[in-house]
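A.B. asks: This structure is in structure tokens; I'll ask about it shortly.
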Amino acid sequence: MTTSESPARRPGTRLSVAHGTAAGAVCVLAIAAALTGCGSDSGGDAGAPGPATPSRSAEPSPASSTSTPTSMPTRPSASPAPTKVKPAKPMKPSSPAELRACADGSCTVVVTKGTELPRVAGLRAGPFTVGAVSGEGVDLSSVDASGFTSNLLGQRPDQGGPSTVNELSISVLAIAGDTAKLRLFPAK
């Protein structure tokens with residue numbers, strides 16, 4: 001709002017900002033509803049998946065922009081208070097015999113910093129050393145017989161899939177304190 005406007009115009013300005021934002025939200029919802037109902041069942045697809053529609057986030061309407069001198073600044077919405085997560089109790093690390101079982105390239109083990117996983121000769125990977133386990137993730141490193149170094153840093157359960165070294169995939173299933181549960185399996 002500029003200094004030359006009268007205070008009587010403030011409610012109208014707020015109403016138009018709210019109205020513009022509501023209208024934009026309704027428009028976005030209508031488009032989303034229309035897109036989810038799209039598709040063809042003409043029978044010619046023979047089970048082929050339909051075209052993927054990219055998701056879009058709602059864009060602010062020009063009426064709600066704070067870049068013009070006549071608009072009122074908006075307050076950020078109150079976000080819910082973060083919930084306190086009880087730290088998970090560390091898991092019992094795998095025994096040396098359980099770790100040796102990983103040599104065939106298929107195992108699930110619990111590791112801590114300093115744990116060594118054996119070389120998986122059939123999948124051309126390893127041996128691996130666990131460099132760190134923390135809330136930030138699991139760090140693994142490997143130096144093969146030729147001197148090639150592989151570093152898998154910050155591996156987490158929520159990273160979207162396993163990491164692969166040559167023909168071996170490594171997935172972090174869980175992290176609890178200074179322990180992590182790993183699954184090793186042949187890459188596809």
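A.B. asks: Would you tally the residues in the range 116-126 being part of a loop (DSSP other than H, G, I, E, B) and open to solvent by 20 Å² or more (accessible area, probe 1.4 Å)?
C.D. replies: 3
A.B. asks: Tell me, which residue of the range 131-161 that is touching a residue at least 40 places away in the same chain (Cβ under 8 Å) and surrounded by fewer than 19 Cβ atoms within 10 Å (Cβ to Cβ) is nearest to Pro93 (Cα to Cα)?
C.D. replies: Filtering the range 131-161 for residues that are touching a residue at least 40 places away in the same chain (Cβ under 8 Å) and surrounded by fewer than 19 Cβ atoms within 10 Å (Cβ to Cβ), the one nearest to Pro93 (Cα to Cα) comes out as Ser134.
A.B. asks: Also, quick follow-up: Within the range 162-184, work out how many residues are farther than 23 Å from Ala121 by Cβ, part of a loop (DSSP other than H, G, I, E, B) and open to solvent by 70 Å² or more (accessible area, probe 1.4 Å).
C.D. replies: The qualifying residues number 1.
A.B. asks: Name the residues in the range 127-158 that are part of a loop (DSSP other than H, G, I, E, B), out of contact with any Gly (no Cβ under 8 Å at 6 or more places or on another chain) and over 14 Å from Gly105 (Cβ atoms), would you?
C.D. replies: Gly135, Ala145, Ser146, Gly147, Phe148, Pro157, Asp158
The values are calculated or read from the model by the stated rules, or taken from the named source; none is laboratory data. Here the structure is a predicted model, which means the values were calculated and not measured. Reconstructed Cβ throughout: ideal geometry from the backbone, glycine too, with neighbour counts over all protein chains shown. Accessible surface areas use protein heavy atoms only, side chains included; no ligands, DNA or RNA. Shrake-Rupley method; radii C 1.70, N 1.55, O 1.52, S 1.80 Å.
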